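To start, the structure under review is shown below, and the notes come after it.
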Amino acid sequence: MTADLDAHHVRLAWMPPTPRTILVVHPGAELYGSDRVLLDSVLGLVDSGFSVRVMLPEEGPLADELRTAGASVFTSDLFVLRKRLLRPSGWMELASTAFRGVRATLRTLRSTRPDMVFVNTITLPMWPMLARAKGVPVLLHIHEGESGARSLVKRVLYLPALFAHRILINSQFSLDVMTSVYPRLSSRTEIVPNSVPAALAPPPARPDLVGGLRVLYVGRLSPRKGVDLVVDAVGKLREAGEQVSLDIVGSAFSGYEWFEERLRAAAQDVAPDHVRFHGFQPEIWSFLSHSDVLVVPSRFDEPFGNTAVEGILAGRPVVVSETSGLIEATRGISTAYRITPGDAAAIARALREIAAAWPEVIVRLDDSRSLAQERHAPSVYRERIAEAARDVVRRRS
């Protein structure tokens, strides 16, 4: 009997430790910029041995990818702070959704009993505050850089960061915006450039522009992103007798259907049969492979430039607005052409310059791709996320 007990104790002593549970909360279920970065964050956590549960507001393509990555996914009410809710017209909706969000947050914290909460973006203000109140360590990942907002609005948007034990942020630009209202947050914040997975072997750029320049836009269809400027630029080039076509990959936010309708009408007016709409696509590499140049024409500040980096990694020149995170994303990239934000004529000039110097441009593409791969390698990003999580979990231990 004693021998059996001793053997039992030995088996218990060698039992592997129970994995630490990380609860990840994210405000969407699509596969745009911050969604794809979140997926890489979860891959890093799962690969490091954490048990990862992800809470989303709804099912969507991101949920399927997260499950494939090894996380468990569930949906529940999430209070997402949108800027429209800060206006007087949105206060009633703010109050009702905030109440439901608080209940869902407390219920989830009780049921999951996480060792840490990973909050992705500052648009989930309840989570850092309530998790900390419950004694659960918080790792906050910030993707926003709202430099144009009024000081009061920025104070409200970044208030949740005060409750995080550690903060990860995607660029120096985003850090400067946050610390402009809360300077003391600098000491607990680390800049982690976004992971941007590269196509394994992208097809080389065409040696000759037979049939004209193929332009690509990838992203949300919204006035802020400037896709209408690309349509206008293509129209200007075609009016001048130049061969150029445009593919648009992306969809509009709910409530912005009017903009997509206006965009389609403009495309018919300026370049019928030469502007193609493809809607949202979970996989963009085939579109990049078919294109000659990618345009990222944001009118306003971008905290980072994931799409621009994807274009560089695909071995294509990019035209980007000379602003904020897009400058950081393309720094040192010789095949990135910067233009004044909001200027369709500047986009047209950059496209004309690229087409005119095409043989010289394609010679530099490999060097640009190598630099982007070095900066945004998923393996490096995932390890940095995992190390930050280990550090925060140790606080609870």
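The values are calculated or read from the model by the stated rules, or taken from the named source; none is laboratory data. Note that the structure is a prediction, hence the values are computed from the model and not measured. Cβ sites come from the backbone with ideal geometry, for glycine too, and all protein chains shown count toward neighbours.
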| request: Any chance you could count how many residues in the stretch 235-278 are touching a residue at least 40 places away in the same chain (Cβ under 8 Å), outside any loop (DSSP other than H, G, I, E, B) and either in contact with a strand residue (DSSP E or B) (Cβ under 9 Å, 6 or more places away or on another chain) or of a type in the set (A, V, I, L, M) (or both)? | output: 5
| request: Evaluate the stretch 329-346: report whether one residue or more is in the same structural domain as residue 240 (by TED's automatic domain parsing) and under 17 Å from the mean Cα position of the chain (by Cα). | output: yes
| request: Given the conditions (1) at pLDDT 90 or above; (2) under 27 Å from residue 188 (Cβ atoms); (3) buried (at least 22 other Cβ atoms within 10 Å of the Cβ), report the number of the one that residue 78 does not fulfil. | output: (1)
| field | Candidate set: the stretch 107-162, residues that are among the hydroxyl-bearing types (Ser, Thr, Tyr) and out of contact with any Pro (no Cβ under 8 Å at 6 or more places or on another chain); chosen: the one nearest to residue 393 (Cα to Cα) | value | 112
| remark: When every residue in the stretch 308-335 that is out of contact with any helix residue (DSSP H, G or I) (no Cβ under 7 Å at 6 or more places or on another chain) and not acidic (Asp, Glu) is compared, the one surrounded by the fewest Cβ atoms within 10 Å (Cβ to Cβ) is 331
| request: Answer with yes or no whether residue 244 is assigned by TED's automatic domain parsing to the domain that holds residue 347 and closer than 14 Å to residue 347 by Cβ. | output: yes
| said: For the stretch 108-125, give me each residue that is touching a residue at least 24 places away in the same chain (Cβ under 8 Å) and assigned to a helix (DSSP H, G or I). | reply: 108, 109, 112
| message | Against the conditions (1) of a type in the set (A, V, I, L, M, F, W, C); (2) in contact with a Ser or Thr (Cβ under 7 Å, 6 or more places away or on another chain); (3) crowded, with 21+ Cβ neighbours inside 10 Å, where does residue 365 fall short? Just the number, please. | response | (3)
| field | residue 27 vs. criteria more than 26 Å from residue 130 (Cα to Cα), at pLDDT below 95 and outside any helix (DSSP H, G or I) | value | no
| query | Restricting attention to the stretch 176-205, which residues are closer than 18 Å to residue 381 by Cα and of a type outside the set (Ser, Thr, Tyr)? | reply | 190, 191, 192, 193, 194, 196, 197, 198, 199, 200
